[in-house]
There are 2 protein chains.
Amino acid sequence: MDRIVECVPNFSEGRRANIVDEIVNAMTMRGVKILDREMDANHNRSVITLAGDPDTMEQAVFRGIACAARLIDLDTHRGEHPRIGATDVVPFVPIRGVTMDECIALARRLGERVARELEIPVYLYERAATRPERRDLAYIRRGEYEVLKQEIATNPDREPDFGPKRIGKAGATVIGARPFLIAYNVNLATSDAHIAKEIARVVRERGGGLPSVKALGFELKDRGIVQVSMNLTDFNVTGLLKAFETVRAEAERRGVTVLESEIVGLVPLEALTQLAQHALKLPVLHTSQVIEMKLFGE
Amino acid sequence: MDRIVECVPNFSEGRRANIVDEIVNAMTMRGVKILDREMDANHNRSVITLAGDPDTMEQAVFRGIACAARLIDLDTHRGEHPRIGATDVVPFVPIRGVTMDECIALARRLGERVARELEIPVYLYERAATRPERRDLAYIRRGEYEVLKQEIATNPDREPDFGPKRIGKAGATVIGARPFLIAYNVNLATSDAHIAKEIARVVRERGGGLPSVKALGFELKDRGIVQVSMNLTDFNVTGLLKAFETVRAEAERRGVTVLESEIVGLVPLEALTQLAQHALKLPVLHTSQVIEMKLFGE
């Protein structure tokens, strides 16, 4: 397994476990590992994380999309989370030995096949987008299934990248490629939520701060502290150490100390070797120097 | 492979590649990975690095020792490096899902078997030592094969932990357990070797500095700079970041800046998660949060 792509398809079913089971089973293949599976009943949505070599992943995810199209009916689907399809969104993420360009090509191949064999309209998004405005998932999904159904045939802005300009009960699917996203929070020793919100505004890209960083300020009421909650959408642009040190400097300017930070969920090894490079002034630290990679990764 | 032990046996043959091949072949088993193999003709010694689950490793290393005993004759062996046996020293290193105590038990089991089946005297060293002075490999190996041969029968200080108080052409073998050793260098922007030597003296354990750190100061003549070259003998006691920051502080006190640092060879993933914990004030970062471990390590 020297070439690994991750995929995090979102399916519009978060209540009937047997339906999600069937979709997961459809995607279970030799050479593919199911890493995580989350169902949300309020959202009526499930999020599956799987990984494997690019060719096998293409096949596995196609089978998941075909299965969801068979089992999920958007005409009767209700949930809090916006959606346009039975398989709503399918991001591919390069993990190891695979470039972003290869993930973009994979997204396009899969999209073309989904459109051709399943007659589902497909929109390409994020790094795979064919129009600048389609980098943004929310833009593609505006009005959700119900509005898209009306507009797809007549509105040129809603013309799919692949497939028919009409929509069935399986809706439409958004497929694309993006870097690995690190969910990273820094907790501050103050109960003043304004400070967290202010720092979040300063550090996030949208406020002219750190590129590829999204940030929000929150109060953690039960602990009487506040949190700057970040998404590092491309750790090669802004990594963990830079994010931490920027938040710490902003906090110190306001007389507040950093209590601790936390990485939520998974992190790629490369984010840690990159951190070590910065912290130790290492010109380079290859992931192949990590002994576990010698043992497992070859 | 959720339980992994590394072993770095040293064999007293560094010139005849076919002999080393035979020993490596003897240790090659399903479930064991040969990570590295180094021969040194001047030392007339080879160092093999292998890893796998503890039970398989015990069997593999036993086979290597038996093979070396058959093929290497200490009576005719000459080389620059001190040695007492055909298989000279065998350290076991816990890598993943294995405690130091388990590695000590493994060293003892293997030692008992080598003594019983091969009639080779075995000394336990480092964490597996049964006498404080035997923690030190140099102490056990004093006078080398030639002196040990004379003294083993009569000197109670040289009584082996297992096996006969007499020595054949395969010599004696030292077996033990120790933490993973990280070779770590920090390069300083000065040509004054005294500064590197002085900092090395201050930071190393022997000089009252950082525990579990050995250090030497060197000149890198071709580059016109100097290096503080360290062995971190237990990164859980003193890790990479602490070593780096201590050297940097000592250099700055002397008006010298750190150019860069380098990790020589392999590093365990845990040394990187530990570094991230310190640099980011993370209360915890599990190696299982590293996505590659989810993919390979289960």
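The values are calculated or read from the model by the stated rules, or taken from the named source; none is laboratory data. Since the model is a prediction, treat every value here as computed from it, not as a measurement. In this analysis, Cβ positions are derived from the backbone assuming ideal geometry, glycine residues included, and neighbour counts consider all displayed protein chains. The accessibility values were calculated without ligands, DNA or RNA, using every heavy atom of the protein model including side chains. Shrake-Rupley method; radii C 1.70, N 1.55, O 1.52, S 1.80 Å.
If you check A:89, A:5 for being closer than 24 Å to residue A:168 by Cα, in contact with a Leu (Cβ under 8 Å, 6 or more places away or on another chain), in a strand (DSSP E or B) and in contact (Cβ under 8 Å) with a residue 60 or more places away in the chain, only one passes: A:89. A count restricted to the stretch A:150-160 and to residues that are of a type in the set (A, V, I, L, M) and loosely packed, with under 15 Cβ neighbours inside 10 Å stands at 1.
Only one of the numbered conditions (1) open to solvent by 50 Å² or more (accessible area, probe 1.4 Å); (2) more than 19 Å from the chain's Cα centre (by Cα); (3) within 27 Å of residue B:52 (Cβ to Cβ) is not met by residue B:147, and that is (3). A count restricted to the stretch B:221-252 and to residues that are within 14 Å of chain A (Cβ to nearest Cβ), farther than 26 Å from residue B:281 by Cα and not in a helix (DSSP H, G or I) stands at 3. Residues in the stretch A:262-273 that are open to solvent by less than 10 Å² (accessible area, probe 1.4 Å) and either at the interface with another protein chain (Cβ under 7 Å from one of its Cβ atoms) or of a type in the set (S, T, N, Q) (or both): A:267, A:268, A:269, A:272, A:273. Among the residues making up the stretch A:1-38, a single one is away from chain B (no Cβ under 14 Å), open to solvent by less than 30 Å² (accessible area, probe 1.4 Å) and more than 14 Å from residue A:64 (Cβ to Cβ): A:14. With the condition kept exactly as written, say whether any residue in the stretch A:144-158 is at positive phi and in contact (Cβ under 8 Å) with a residue 40 or more places away in the chain. For the stretch A:144-158, residues at positive phi and in contact (Cβ under 8 Å) with a residue 40 or more places away in the chain: present.
Just one of (1) polar (S, T, N, Q); (2) in contact with a Leu (Cβ under 7 Å, 6 or more places away or on another chain); (3) open to solvent by 60 Å² or more (accessible area, probe 1.4 Å) fails for residue A:49. It is (3).
Listed here are the residues, each with its yes/no results for (1) free of Cβ contacts under 8 Å to residues at least 40 places away in the same chain; (2) open to solvent by 50 Å² or more (accessible area, probe 1.4 Å); (3) more than 12 Å from chain B (Cβ to nearest Cβ); (4) assigned to a loop (DSSP other than H, G, I, E, B).
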{"residue": "A:216", "(1), (2), (3), (4)": "yes, yes, yes, no"}
{"residue": "A:255", "(1), (2), (3), (4)": "yes, yes, yes, yes"}
{"residue": "A:275", "(1), (2), (3), (4)": "yes, no, no, no"}
{"residue": "A:279", "(1), (2), (3), (4)": "yes, no, no, no"}
{"residue": "A:285", "(1), (2), (3), (4)": "yes, no, no, yes"}
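Taking the stretch B:115-151 as the range and being in a helix (DSSP H, G or I) and over 12 Å from residue B:171 (Cα atoms) as the test, the residues that pass are B:116, B:117, B:132, B:133, B:134, B:135, B:137, B:138, B:139, B:140, B:151. Does residue B:243 satisfy the criteria of being among the aliphatic types (A, V, I, L, M) and closer than 21 Å to residue B:275 by Cα? Here the answer is yes, as residue B:243 does meet what is asked. The set of residues from the stretch B:52-71 being open to solvent by 10 Å² or more (accessible area, probe 1.4 Å) and outside any helix (DSSP H, G or I) comprises just one member, B:53.
If you check B:41, B:66 for being at pLDDT 95 or above, farther than 25 Å from residue B:233 by Cβ and away from chain A (no Cβ under 14 Å), only one passes: B:66. For residue B:290, are the conditions met, namely being in contact (Cβ under 8 Å) with a residue 12 or more places away in the chain, surrounded by 19 or more Cβ atoms within 10 Å (Cβ to Cβ) and more than 7 Å from chain A (Cβ to nearest Cβ)? No; evaluated as a whole, the condition is false for this residue.
For residue A:104, state whether it is in contact (Cβ under 8 Å) with a residue 12 or more places away in the chain and outside any helix (DSSP H, G or I). The answer is no for residue A:104. Out of curiosity, is residue A:209 away from chain B (no Cβ under 14 Å) and assigned to a strand (DSSP E or B)? When the stated conditions are applied, residue A:209 does not pass them. Those residues that are assigned to a loop (DSSP other than H, G, I, E, B) and more than 10 Å from residue A:190 (Cβ to Cβ), I need them from the stretch A:257-266; list them, please. The answer is A:265, A:266. When the stretch A:168-196 is filtered for residues that are part of a loop (DSSP other than H, G, I, E, B), among the hydrophobic types (A, V, I, L, M, F, W, C) and open to solvent by 10 Å² or more (accessible area, probe 1.4 Å), the ones remaining, listed by number, are A:170, A:180, A:181, A:189. Test residue B:111 against the criterion of being part of a helix (DSSP H, G or I) and under 20 Å from residue B:64 (Cα atoms), and give yes or no. So residue B:111 fits the description; yes.
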